[in-house]
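Asker: Sending over a structure as C-alpha cells; questions will come in a sec.
The values are calculated or read from the model by the stated rules, or taken from the named source; none is laboratory data. All values derive from a computational prediction rather than experimental measurement. Note that we place each Cβ from the backbone using ideal geometry, even for glycine, and neighbour counts take in every protein chain shown. What goes into the accessible areas is simple: the full protein's heavy atoms, side chains included, and nothing from ligands, DNA or RNA. Shrake-Rupley method; radii C 1.70, N 1.55, O 1.52, S 1.80 Å.
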Amino acid sequence: MSTPREPGTDSGTSAGSGPAAPPDAPFEETPWRRLDPRTLLVHCGWMAAPLGSLALTALATGGRINTEAWITLAAISASFAVLTTLGLIRWARTEFRITIPRRGEGAGGASPTFDVRSGMLTRRLRSVPLHRIRTVDLTATPVHRVLGVTVLRAGTAGSGDGSSELSLEALTVPEAERLRTELLAYADAEAIANDPVVARINWRWLRYAPLTFWVIGGVFVAAGGAYRALDGIGIEAWKLGFVQRAFTEFGASALWLTIPAALVVILALGSVGAVVLYVENWWSYCLEWTDSRTLRVRRGLLTTRAVTIERARLRGVVLREPLLLRAGGGALVRAVAGGLGNREENRKRSGLLPPAPRAEALRVAGGTLRSPFPGSAAPAALTPHPRVALRRRRVRGLLFVVLPGTAVLAGLGAAFTPVLLHCAWIYALVTTALSLWLARDAYRNLGHGLDGPYLLARSGTFSRDTVALQRDAIAAWTFSTSPFTRRAGLVTLTAAVAAGDDGYRIPDLPATDAPGFATTAAPGILEEFLVHPGPAPVPGQRSR
C-alpha cells in the first residue's frame, strides 16, 4: 500500500516517513522532507575571504607560501572539516512536512500543521497550525542565487521580532515556491476570521522606508525648517561664511561631477531620515481586533499613538502604492472610517500598515475587512476604461509638462545663449518620453468594479490607490464633466461617503455606462433621476 502524501510533495525529495499512524489518528501519515543537499555549500561561503587572501598572497610572491600562510591554510582546512561534518549532521536531522487532518469523524477539531524537526544532540519538533502563518518570505543571498537555492522563513501571528519564526535553509527555488503556496493556502480565510492580531512590526520592512517621498522631499523640508529657525533668531543663512564657500566651490567645480555627487548626498541623507521617521512612527506597531467591534492601531517611539476604530464606522480600506514603493514591490494600507477628524487628522489616524511588502498589505487589508481583500485573487475583476482615457493623459502631459518648459528654455536661449536651445530640445525629448510612459501607466491603473458588498476603484500613477468601499455606505453620487470630457464621452463618478476623504473618484468612465454602474453599486439613489425609454411604437399605430 502506498503512503499518502500531501499535495505537491515530490517523492524524490522526501526523507522517508515516520512511524505508521494508528488507524484512529486524526492526521494522515505524511512523509518528512529534507533540505536540499546544496545547503552544505551555502555554509562554506565564509571560506571565500581567507582563500582569496591566500591566493592573492601566492600571486604576489610568485607562488612562494610562507609558514604563516601554511598555518592559515591548515586552520581553514580543519575548520572546513568540522563545519562540514556539523552541517552534514544538521542537514540529515532537519526535516519538515505539512500534516493534513484525516477526513471523517476522527479528525475532530484538528487543523493542518507545518512541522519542522531539527537538532543534533537535542531533538526539537515545532508544529504550527497553518492558519496562524501570516507571512512566508523567500530570501536569497548572492551565494544562494549562484547555487540555485533560497531560504524560506514562515512568520506566525506575533512573530514580528523573529522569535517564533520557522526557517528552512536551503530549498531549491521551485520547491520553496511550492511550499509557500501550500503554507498560504490555508492561512487567509481562517486567520482573517479568528485571529485578533492582524499585524505586528517586522523590521525587515525597513528596506521600504527610503521608497517614499521623504527620501528627497524630507531633506528639503528639514533644510527649510532649519532656515526658518535661523531666520527667526535673526541669522541669514545665505550670509554664513561656510555656506558661501560651499556655493562658490560648487560653481567652480565640474558640474557633471558635483551635481551627481550632490544628488547622492541628498539621497543618502534622505534615506537615513526616512529610516529614522519610520522607526519613530511605527515602533511597537500592532494592529489588532480588541473585540468583535473594535479595531485598534498602536504605534510610536517618542510620540505614541493608539487609534481605535469602531467596526460600525469602518467603511472600507485603501491599498496605496506610491510610484517608488510600487517599483520596490511594496504598499501601505489606510482605513476608510468615520470619526477620525478633519482631513489632516484623518491622514494621521487612518494608517493601518507602514510601507511593507504588497502581499502583507493585501493580507492586512483583508484582516481589516474580516474577509479577503476584494479583487486580490482575481485582478481581472476590475473593468478597464476606454482607450480615449489614454489619449487624454497623453495630451495633458504634452500640453502641461513638455510644451511650457520647452517654450521657456527656447525663448531664453534665443534671447541670451544658444546653450539653452540645446537644453530645450533635450528637455523636450526627455519629458516627452517620460510623459508618454506615465500616461500609459496611469491608463493601465484605471479600473472599477463590484465585488460582493464592495465597490472597487483604482486610479493614479504617482500614487496608485485601490479603494474597497462598502456599497451600503455610499450616500450620494456626483457626475463631473468638462468640455473636453463631454467631447470624449467620459465622465468622472464620485462616490460620497461620510468617512475618509468624503468622496472617492472613478475618473474617465464612459458616460453611457456611468449611470447604470452607479445604480447597480448603490441602488435607491439615482432611480428617480433616470429616464427609461418607453416601449417601442407599433408600426402603423398613430401616437396620441
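Asker: From (1) open to solvent by 60 Å² or more (accessible area, probe 1.4 Å); (2) without any contact (Cβ under 8 Å) to a residue 24 or more places away in the chain, pick out the condition that doesn't hold for A261.
Answerer: Every condition holds for A261 apart from (1).
Asker: Mind telling me which of the residues T304, T294 ends up being among the polar types (S, T, N, Q) and either under 21 Å from the mean Cα position of the chain (by Cα) or within 21 Å of Q470 (Cβ to Cβ) (or both)?
Answerer: T294
Asker: Continuing with the same structure: For the stretch 404-421, name all the residues that are open to solvent by 70 Å² or more (accessible area, probe 1.4 Å) and either touching a Gly at 6+ places or on another chain (Cβ under 8 Å) or closer than 30 Å to T519 by Cα (or both).
Answerer: Once the filter is applied, which keeps residues that are open to solvent by 70 Å² or more (accessible area, probe 1.4 Å) and either touching a Gly at 6+ places or on another chain (Cβ under 8 Å) or closer than 30 Å to T519 by Cα (or both), the stretch 404-421 yields V419, L421.
Asker: Condition check: within 34 Å of the chain's Cα centre (by Cα) and among the aromatic types (F, W, Y). Does F462 satisfy that? Walk me through it before giving the result.
Answerer: Numbers: within 34 Å of the chain's Cα centre (by Cα): yes; among the aromatic types (F, W, Y): yes.
Against the criterion (within 34 Å of the chain's Cα centre (by Cα) and among the aromatic types (F, W, Y)), F462 qualifies.
Asker: Looking at L399, is it touching a helix residue (DSSP H, G or I) at 6+ places or on another chain (Cβ under 9 Å), free of Cβ contacts under 8 Å to residues at least 12 places away in the same chain and in a helix (DSSP H, G or I)? Explain how you work it out, then say what you get.
Answerer: Working: touching a helix residue (DSSP H, G or I) at 6+ places or on another chain (Cβ under 9 Å): no; free of Cβ contacts under 8 Å to residues at least 12 places away in the same chain: yes; in a helix (DSSP H, G or I): yes.
So L399 fails the test.
Asker: Go through the stretch 442-498 and tell me which strands (runs of 3 or more DSSP E), entirely inside it, have 3 or more residues that are touching a Gly at 6+ places or on another chain (Cβ under 6 Å).
Answerer: Because the criterion is at least 3 residues that are touching a Gly at 6+ places or on another chain (Cβ under 6 Å), the strands (runs of 3 or more DSSP E) in the stretch 442-498 that meet it are 463-470.
Asker: A follow-up question, please. Within the stretch 477-500, can you find the residues that are over 16 Å from G316 (Cβ atoms) and open to solvent by 40 Å² or more (accessible area, probe 1.4 Å)?
Answerer: Result: T478, F479, S480, T481, P483, F484, R486, R487.
Asker: Can we say R544 is more than 30 Å from L314 (Cα to Cα), at pLDDT 90 or above and not aliphatic (A, V, I, L, M)?
Answerer: No.
Asker: While we're looking at this one, here's another question. In the stretch 204-214, which residues are at pLDDT 75 or above, in a helix (DSSP H, G or I) and either more than 30 Å from H131 (Cα to Cα) or open to solvent by 90 Å² or more (accessible area, probe 1.4 Å) (or both)?
Answerer: Answer for the stretch 204-214, where residues must be at pLDDT 75 or above, in a helix (DSSP H, G or I) and either more than 30 Å from H131 (Cα to Cα) or open to solvent by 90 Å² or more (accessible area, probe 1.4 Å) (or both): just R207.
Asker: Restrict the check to the stretch 307-317 and report whether at least one residue is closer than 21 Å to S463 by Cβ, over 20 Å from the mean Cα position of the chain (by Cα) and modelled with pLDDT of 85 or more.
Answerer: Yes, that holds for at least one residue.
Asker: Could you check the stretch 241-258 and list, in sequence order, the residues that are modelled with pLDDT of 70 or more and either open to solvent by less than 50 Å² (accessible area, probe 1.4 Å) or under 40 Å from the mean Cα position of the chain (by Cα) (or both)?
Answerer: G241, V243, A246, F247, L257, T258
Asker: Determine which member of the set L230, L168 is modelled with pLDDT of 80 or more, farther than 22 Å from L332 by Cβ and not in a loop (DSSP other than H, G, I, E, B).
Answerer: Only one candidate passes the filter, namely L168.
Asker: Working carefully through the options L434, L438, find the one that is over 24 Å from A521 (Cα atoms), under 28 Å from the mean Cα position of the chain (by Cα) and open to solvent by 80 Å² or more (accessible area, probe 1.4 Å).
Answerer: The unique qualifying residue is L434.
Asker: Checking V128 against (1) among the hydrophobic types (A, V, I, L, M, F, W, C); (2) modelled with pLDDT of 75 or more; (3) farther than 24 Å from A359 by Cα, which test does it fail?
Answerer: In the conditions (1) among the hydrophobic types (A, V, I, L, M, F, W, C); (2) modelled with pLDDT of 75 or more; (3) farther than 24 Å from A359 by Cα, V128 misses (3) alone.
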